[in-house]
Structure formats: structure tokens, C-alpha cells
1. Around Tyr62, which amide H atoms from residues at least 5 apart in sequence, or from another chain, sit under 5 Å from its own amide H, with H modelled in the peptide plane?
2. Which FRET efficiency, nearest 0.05, do Thr24 and Arg58 yield, Cβ-Cβ r, R0 30 Å?
3. Run lengths n ≥ 4 of DSSP H only: what is the helix-derived mean residue ellipticity at 222 nm for the chain, with -39500 (n - 2.57) per run over all residues, to the nearest 500?
4. Please give, to one decimal in nm, the separation of the simple spin-label points placed at Lys81 and Ala38, each 7 Å out from Cα toward the Cβ.
5. How long, wide and thick is the chain, going by the Cα atoms along their three principal axes, in whole angstroms, largest first?
6. Tell me, what is the percent relative contact order of the chain, built from C-alpha pairs under 8 Å that lie six or more residues apart?
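What follows draws every value from the coordinates through simple rules; no lab data is involved. Note that the structure is predicted; figures quoted are calculated from it, not measured. Please note: Cβ atoms are built from the backbone with ideal geometry, for glycine as well, and neighbour counts cover all protein chains shown.
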Amino acid sequence: MLKLLSENNKMYGYEITQKVKLITQGELLLKEGALYPALHKLEAEGMLETSTEIVENRVRKYYSLSADGKKEVVSKLQEAKDFIEQLQLLLNLNPAI
């Protein structure tokens, strides 16, 4: 979610679920029951900021990265990259040439 928000100025919950579905070609379905608790946790930790807008007579809550959230994206992406590299070594997916 942090990566998506780093690539988009702001997003609302349903938009995030649909973007994940699109990017993963439907292989990963982010359900609201998992999404909103995660968003609320990130907001409570100061990683996200929120704003609301009226869209078609409904209040829509948008999420965007805070300054701390922008720093966290860099850190988390590096952690993910390191983890993937270790998995590749463990599973011998990148055999030495």
C-alpha cells in the first residue's frame, strides 16, 4: 500500500483494492476487511495522512503518505528487495553462472 501511495498522490480505499487487483492481474485480492485495519494502523503510526472530499454526494476518504511515510517506503522497499534476494538464494532461483 505504501508503494502504491508513493506512486499516486492520494487514493481512496476501493481505488487501492482495484489497483492491486489490476497490477496482480487478479491474483491478489485485497479485501476491505484486511485493507482498512492496515490503513488505520498506518495512519495511527503517522505514516499516512487523510483528507475527505464529497464525490457524487458521498464522503470519500483519501489516504496519502506523510513525510514519515515517504521515508518508510524507501526502507520497506529495501527490506523487500533483500528478502526476495535471500529467497532466490534459498530456492536456488538464481544459480551462479
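1. Residues meeting the amide H criterion: Ser51, Thr52, Glu53.
2. The calculated FRET efficiency here is 0.65.
3. Using -39500 (n - 2.57) per qualifying helix, the result is -18000 deg cm²/dmol.
4. 2.1
5. Here the Cα extents, ordered largest to smallest, are 60, 30, 21 Å.
6. Working: 89 pairs, mean separation 27.0, N = 97.
In percent, rounded to a whole number, it is 28.
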